[in-house]
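Quick notes on the structure that follows.
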Amino acid sequence: MNLMDALFKKKSSSDVAKDRLKLVLVSDRANCSPEIMEMIKNDIIQVISKYMIIDAEGLDIQITQLETDGNNGNVPALYANIPIKDLKNGTKR
Amino acid sequence: MSEVIVITSGKGGVGKTTTTANVGTGLAKLNKKVVLIDTDIGLRNLDVVMGLENRIVYNLVDVVEGNCRVKQALIKDKRYPNLYLLPSAQTRDKTAVSPEQMKKLTDELREEFDYILLDCPAGIEQGFKNAIAGADRALVITTPEVSAIRDADRIIGLLEANELKRCDLIVNRIRVDMVKRGEMMSIDDVVEILSINLIGAVPDDENIVISSNQGEPLVGSDTQAGQAYMNICKRVMGEDVPLLNLGGKDSFWSKLSSIFKKGN
């Protein structure tokens, strides 16, 4: 990384590689295509939207590894980060 | 107690054969009785890397099909008293051998040898299944490139599904200058992504090319790669050897200690 890159916060190619790999491995490991992930995401938005207003743009779901105490290993977990815009609105309907 | 170790990577050309040759030779140098088996049927290579290509009479398929006894097919490496090679067949294909036959063969060799090293073909098809059938543990080779790491991840998944007892990672062809510039993933990056135990890292060293040109593994020689491979051998045997400093951070202390080491 030269000084110019550092000043303009340009990502080094190794960081780009790492980020791309992490993403592609998530779907590889889950044996789950990006299309299916997109469908899950849309369904989640639909269900949650029944009860509260959420930020659909900011919603992030991914399959990650979760460390467990038992079974000496990691288990895959579906991780969803769903920003709520308004709670009250949906509760009484 | 003998161990059957498969050397595998998924992707081709990342250094499986070179690693098999060097780790095998290194273990023999450390007074272990070692046999190397080339399981890449149809694309035989381990013999030329070892410099034993002129001594082949029988091969793996001959043994499995019962055309000869195992002892007849084993080539003794005259440079080391404990090192043998079982070459692959060049004119057959992977379907000539089954996983059950490989398991039977490795179990037979256990009685005679401390370490049985299997050089796995690239890919995840029959050749891979044959190679891992009889293995206790695996050395997974990768380079710091996206394609090799992705394939390694897939291989690790398949090895775990096949219940191998142990799976260790070797990161090959590291270029320290590129890592420093941020243009190549570091050893830590690769280990973080694959999350398995690292057993060694080998720098990109032109001496590797020279050694395979000559058919003489460079393990243990006074080169970076030679030292890295020797350290891997010791770790395979269970010794606790610190990682080579591949010029990562030249701290004052590491420079000082390297001066003292040269003095010894």
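Below, the figures for the structure above:
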{"item": "Of residues in the range A:76-85 being in a strand (DSSP E or B) and either touching a helix residue (DSSP H, G or I) at 6+ places or on another chain (Cβ under 7 Å) or exposed (fewer than 11 other Cβ atoms within 10 Å of the Cβ) (or both), the one modelled with the lowest pLDDT", "result": "A:Pro76"}
{"item": "Evaluation of B:Glu216 against (1) closer than 25 Å to A:Asn31 by Cβ; (2) not in a helix (DSSP H, G or I); (3) not polar (S, T, N, Q) (one fails), failing number", "result": "(1)"}
{"item": "Any hit, the range A:12-29, residues being at pLDDT below 85, part of a helix (DSSP H, G or I), on the phi > 0 side of the Ramachandran plot and open to solvent by 90 Å² or more (accessible area, probe 1.4 Å)", "result": "no"}
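The values are calculated or read from the model by the stated rules, or taken from the named source; none is laboratory data. All of these numbers come straight from a predicted model, not from anything done at the bench. No Cβ is skipped: glycine too gets one built from the backbone with ideal geometry, and neighbour counts run over all protein chains shown. Quick note on the areas: whole protein, heavy atoms, side chains included, nothing else; ligands and nucleic acids left out. Shrake-Rupley method; radii C 1.70, N 1.55, O 1.52, S 1.80 Å.
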